[in-house]
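See structure below.
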Amino acid sequence: MMKKLFGKKGREDSLAKRLLIHLVLIMACVIAVYPFLRVITISLRPGAQLLSTSLALIPANATLENYRTLIFDKDFTIWLWNSLVVSITTVIVAVLLSASAAYAFSRWTFPGKKQGLLFLLTTQMLPPGMLLLPIYVMVVRMQLFNTYTGMILAHSVGAVPFSIWLLKGYYDTIPKELEEAALVDGAGAIEAFLKVIIPLSTPALGVCGLFSFMSSWSEFMMARVMLQKSNLFTWPLGFQKLLDQFTSQWGVFSAASVLVAVPAMLLFMYSSKWLVSGLTLGGVKE
Amino acid sequence: MIPLTWDMVVQGLVEAGRILGLLAVGVVVLELFAYFVFHRWLKLKHSLPLMLMLPALVAVAALIIYPFGFNLKLAFSNMSMYRFKNFSVGLSYGIENFLDVFRAPVLQNVTFLKLLLRTVVWTAVNVVFHVLGGLFLAILLNRPLKGKAIYRTLLTIPWAIPQVIAALAWKNEFHYQYGFVNAMLKQLGFAPVQWLSDPRWAFVAVIIVNIWLGIPFMMVILLGGLQSISPEYYDAAQIDGASGWQQFRSITMPLLKPVLIPATVLGVVWTFNNFNVIYLITRGGPMEGTDILVTSLYKAVFEFYRYGFGAAYSTVILIILLLFTWVHLRITRGMGEAEGA
């Protein structure tokens, strides 16, 4: 058995072994996917069958009724718009601030550099809620409670250090010779950064933006504290509100989940390989 | 009619535009100031990288360092719902706040020590299952196999779904009567379980959900690690007649360590800090039976309005998290050295 699991690589396994592996993987896939399939199923259930103990994947009399209710009778579109405003602005703030800072961390040595990087990493460890209280008090005092601005400030707390760390990793992979060539041609350091590094790292900046976007887009705890007015709710708050009345809104909640989760999942699948390499890049190089 | 009105769209755009405009002005002013002070006047050697970093530095100072200090100040204050504006600061308040963490239930029922223990169990169980499950799947996926890409994609789905949606959907599925978990148990001939009303089962439920959520991350990271191990090692071991287990122990594990250790550190920190899963599924209930440190912190501050206490409590939690990570690093490194020797 052990040999089956851990044995050689690059050679064909016997037929029985391959069948066993496929079987195990198929089972794992079912466990991974089934809960989401259930969400789709429930989103298609007509109102009368919402509360049923049926395990059928395609419900009898499947209907899009829940989607109609969600879009026209609920604040769904408002929630999406609010989330969009907050997360896109957060991304712009984070990328603008971190693009040049990460460059400094990647290309220069200066006193406090190592400590600075370590500090940025440590901020990602802070218990959630730790900075929320002081930031909440600050936001209330600045009369930014129940505004997009307060939310964007709160989301930038995590997004800026994360973006700096990620982008530094990418800049490190761009050979220094490229800017040196530009410097030899008489360009200044700033010019070299803007004309050589920025164009080369557009994909990296895009990916960095994408991750900041995704974490701000699905953020729940801060939104819950910063936004009390229901017409400012971002979608995670709206979804939680939908579920307050479980029995009547389960189908509508599921429809909402499908509409938000499918694009998010596609975006994630598309970008996850960069996240993995970004996480390791930052760590390996000093 | 779609509820989103034109007015709301405009309001959003105006507010976003205002923030970005303010940011742009702020950056320009800051850079001009830095240019004349650091570069022209003080002629600092590092003026260029300093200028590149300055906007981010100011943002980090305003959004992280200042709030962190402010939090410490609040820990030494008597701030509460009734004293939100006119609170006072003093050493005695601070001592009270920190003592309160240990001497009375943090919320209403459960004491700090119990919460700490539960957090340790929560973190340990989750991370162990994440690593074992992720490693197992990664090893399978690392073999020559048809349809590998499809398996990989499907297996990443729990990681790809926004956590809020996954947690809320699971919450429904643990419903006693209509959730699929009990429906399946019934079909298999078991008695249905009171998932959300019995504190013990509720804790099992949130752990199940978090294991489900966390395995794909480990799988992807560890698969990356496995793929970077050259097959020649295995060929050589094969010739020497090493068994599968021996190969795993003396080739795979040591070579996987550089990936495994940072991944488990991340896993420990993320799990320790996981607020969404528990709060969205059980709200820490029933009877605070599923609260861990971070959910009780949130509730102490934003549901019980104990601001001064909460600030002290969050400091204690941070210290514990740092100790926890440090011990974890020591143990994993120590294990590696023992194996290498």
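The values are calculated or read from the model by the stated rules, or taken from the named source; none is laboratory data. Quick caveat: nothing in here was measured; it's all calculated off a predicted structure. Ideal geometry is used to build each Cβ from the backbone, glycine not excepted, and the neighbour counts take in all protein chains shown.
Quick look at the numbers
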quantity	calculated
Qualifying residue in the range B:95-103 (condition: touching a helix residue (DSSP H, G or I) at 6+ places or on another chain (Cβ under 9 Å), more than 13 Å from chain A (Cβ to nearest Cβ), outside any loop (DSSP other than H, G, I, E, B) and of a type in the set (Lys, Arg))	yes
When residues of the range B:116-170 are limited to those that are touching a residue at least 12 places away in the same chain (Cβ under 8 Å), touching a helix residue (DSSP H, G or I) at 6+ places or on another chain (Cβ under 6 Å) and aromatic (Phe, Trp, Tyr), the one surrounded by the fewest Cβ atoms within 10 Å (Cβ to Cβ)	B:Phe129
Selection status of B:Ala237, among the small types (Gly, Ala, Ser), more than 23 Å from the chain's Cα centre (by Cα) and at the interface with another protein chain (Cβ under 9 Å from one of its Cβ atoms)	yes
Single residue of the range B:39-56 satisfying the filter (more than 7 Å from chain A (Cβ to nearest Cβ) and buried (at least 20 other Cβ atoms within 10 Å of the Cβ)) that is farthest from A:Trp165 (Cα to Cα)	B:Met51
Selection status of A:Gln124, at pLDDT below 90 and surrounded by fewer than 19 Cβ atoms within 10 Å (Cβ to Cβ)	yes
Test for B:Thr111: is it more than 10 Å from chain A (Cβ to nearest Cβ) and under 18 Å from the mean Cα position of the chain (by Cα)	no
Which numbered condition B:Leu141 fails, given (1) away from chain A (no Cβ under 14 Å); (2) under 30 Å from B:Met253 (Cβ atoms); (3) at pLDDT below 95	(1)
Residue in the range A:170-193 that is assigned to a helix (DSSP H, G or I), touching a Gly at 6+ places or on another chain (Cβ under 7 Å) and within 12 Å of another protein chain (Cβ to nearest Cβ) present	no
Sole exception among (1) touching a residue at least 24 places away in the same chain (Cβ under 8 Å); (2) of a type in the set (Val, Ile, Thr); (3) over 30 Å from A:Lys229 (Cβ atoms) for A:Ile21, by number	(1)
Scan of the range A:45-63 for residues that are farther than 20 Å from B:Phe174 by Cα and in contact with a Leu (Cβ under 7 Å, 6 or more places away or on another chain), ordered by number	A:Ala62, A:Thr63
Some residue of the range B:279-295 being buried (at least 19 other Cβ atoms within 10 Å of the Cβ), in a helix (DSSP H, G or I) and small (Gly, Ala, Ser)	no
Filter pass, B:Leu168 being in contact with a Lys or Arg (Cβ under 7 Å, 6 or more places away or on another chain) and more than 14 Å from A:Val33 (Cβ to Cβ)	no
Count - residues of the range B:62-94 that are of a type outside the set (Gly, Ala, Ser), in a helix (DSSP H, G or I) and within 11 Å of chain A (Cβ to nearest Cβ)	11
Spans of helices (runs of 4 or more DSSP H) in the range A:42-154 with at least 3 residues more than 7 Å from chain B (Cβ to nearest Cβ) and over 24 Å from A:Phe239 (Cα atoms)	A:76-107, A:113-123, A:132-141
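Per-residue answers, yes or no, for (1) in the same structural domain as B:Pro231 (by TED's automatic domain parsing); (2) over 16 Å from A:Val24 (Cβ atoms); (3) in contact with a Lys or Arg (Cβ under 9 Å, 6 or more places away or on another chain):
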{"site": "B:Ala104", "(1), (2), (3)": "no, yes, no"}
{"site": "B:Thr119", "(1), (2), (3)": "yes, yes, no"}
{"site": "B:Asn126", "(1), (2), (3)": "yes, yes, no"}
{"site": "B:Leu132", "(1), (2), (3)": "yes, no, no"}
{"site": "B:Phe136", "(1), (2), (3)": "yes, no, no"}
{"site": "B:Arg143", "(1), (2), (3)": "yes, no, yes"}
{"site": "B:Lys146", "(1), (2), (3)": "yes, no, yes"}
{"site": "B:Tyr151", "(1), (2), (3)": "yes, no, no"}
{"site": "B:Leu155", "(1), (2), (3)": "yes, no, no"}
